[in-house]
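The values are calculated or read from the model by the stated rules, or taken from the named source; none is laboratory data. Because the structure is predicted, anything quoted here is derived from the model rather than measured. All Cβ positions, even for glycine, are placed from backbone atoms using ideal geometry, and neighbour counts span all protein chains on display.
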Amino acid sequence: MIGYVLFERYFPVFSVAYIPREEIETKPTIIDLRDYNQSSQYAIPGSINIPVAYLNRFSTDIPNRKLYIIASNNLEKNVGIRLLRKKGFQVIGYTLASHHSRLLKEDKLSIKNLC
């Protein structure tokens, strides 16, 4: 039981790749998995903000398309991707916002053209 919980949280999801914003060819739905405190400071226009803790409850609000995930760390990314896959969504890529916090603060990491 403990091994399963550790696997779900900390073992990386290998089949979903890190894709920079510039290399996305399709127009996926952007899901922001960060806490409300972080996402309100560095908001990404056009994204749907559902923190990981509320993802199971509000997964019906997500349009059934390809998803692009924005998370603040690897733990959020792993848990979020696994939970979304269990719900039947296709996750095509992710970005860790902690790596891009300076760009978000300067509003240079805009994902406006994807939505």
Subject >> Residues within the range 1-46 that are charged (D, E, K, R) and at pLDDT below 75, tallied >> reply: 6
Original post:
Does ARG85 satisfy being at pLDDT 85 or above, part of a helix (DSSP H, G or I), out of contact with any strand residue (DSSP E or B) (no Cβ under 6 Å at 6 or more places or on another chain) and of a type in the set (Lys, Arg)?
Top reply: yes
